[in-house]
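None of the figures in this text is laboratory data; all of them are computed from the coordinates on show. The structure displayed is predicted, hence computed values, not measured ones. We place every Cβ from the backbone using ideal geometry, glycine too, and count neighbours over all the protein chains shown.
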Amino acid sequence: MVSIEKYSTQREHETNLLCVKPEQAEFTVGNIATVVSTLEQHEHPHLIVAHGNVVGFFLLDLSYSETYNFSTSKAMGVRALLVDQRFQGQGFASQAINLLPCYVKSNYPGFEQLQLTVNCRNKAAYECYRKCGFEASGKLYLGGPVGPQYIMQRKIG
């Protein structure tokens, strides 16, 4: 059973142990402790929890449209999503991504769409998002740190 919960310092140690496979490192945020310590007010950290264990991390960005000109004011950004290498391949990312529309609708009313970017070379992540109902916009975001990214979106509700 997978759930989403807001990050809390009670889970800090577990969260800081999360890491991806070396070949995935260029696509991730890096050190989660650093990310959490430098968050802006509009960036809300969340955990993916399975069987009581923290297995992943992501940010919900309430000001996504202010940062990315391809976004709309009713779009919630999903950023920095990762599942620890020990828990990959078990469906935890897909389960969490499928929970997101209901989670956002319940906890962040007013948003109508989820948006994210995924590196064009990160085929596994792209396919995971696609299978979970995200659609590519047909446009690329070219401001990513390691190359072009697909812009993907999914309606909420």
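Equivalent ellipsoid of the chain: semi-axes from √(5λ) of the C-alpha gyration tensor, largest first, are 22, 18, 16 Å. Summary value for the range 2-117: 27 percent relative contact order, contacts being C-alpha pairs under 8 angstrom separated by 6+ residues. Once the C-beta distance of N53 and R79 is scaled by a Förster radius of 30 Å, the resulting FRET efficiency is 0.85 to the nearest 0.05. Only residues of the range 51-85 count here: report those whose backbone N is under 18 Å from the spot 7 Å along Cα→Cβ of L142, or say none. Taking a point 7 Å out along Cα→Cβ of L142, the residues of the range 51-85 whose backbone N falls under 18 Å are 68-71.
Are there GluC sites (Glu not before Pro) in the range 1-100 that DSSP puts in a loop and that have at most 13 other Cβ atoms within 10 Å, and which ones?
In loop regions of the range 1-100 (DSSP not H, G, I, E or B), the sparsely surrounded GluC sites (Glu not before Pro) are E40.
In the range 2-117, a dipole from Cβ-located charges (positive for Lys and Arg, negative for Asp and Glu) runs towards its positive end, and of L81, T38, P109 it is P109 whose Cα lies farthest in that direction.
Here is the size of the range 1-47 from its Cα atoms: Rg then Dmax, 11.6, 31 Å. The charge dipole of the chain, taken about its Cα centre with unit charges on the Cβ of Lys, Arg, Asp and Glu (plus for the first two, minus for the last two), comes to roughly 460 debye. Taking 25 °C and 0.890 mPa s as the conditions, I'd like the Stokes-Einstein D for the range 67-157 in µm²/s, using the Kirkwood hydrodynamic radius from alpha carbon pairs. Result for D is 180 µm²/s.
Stretch N69-Q24 to full length: gain in nm at 0.36 nm per residue minus the Cα-Cα span?
In short, 13.5 nm is gained.
If you count Lys pairs in the chain whose Cα atoms are under 17 Å apart, skipping same-chain pairs closer than 8 places in sequence, the total is 8. Projecting label points 7 angstrom from Cα along Cα→Cβ for E112 and Q41 puts them 2.6 nm apart. To the nearest 0.05, what FRET efficiency results for Q10 and R130 with a Förster distance of 22 Å applied to their C-beta separation? Efficiency at R0 = 22 Å is approximately 0.05. Taking trypsin sites (Lys or Arg not before Pro) across the range 91-145, the ones in a DSSP loop with at most 13 further Cβ atoms lying within 10 angstrom of their Cβ are R121.
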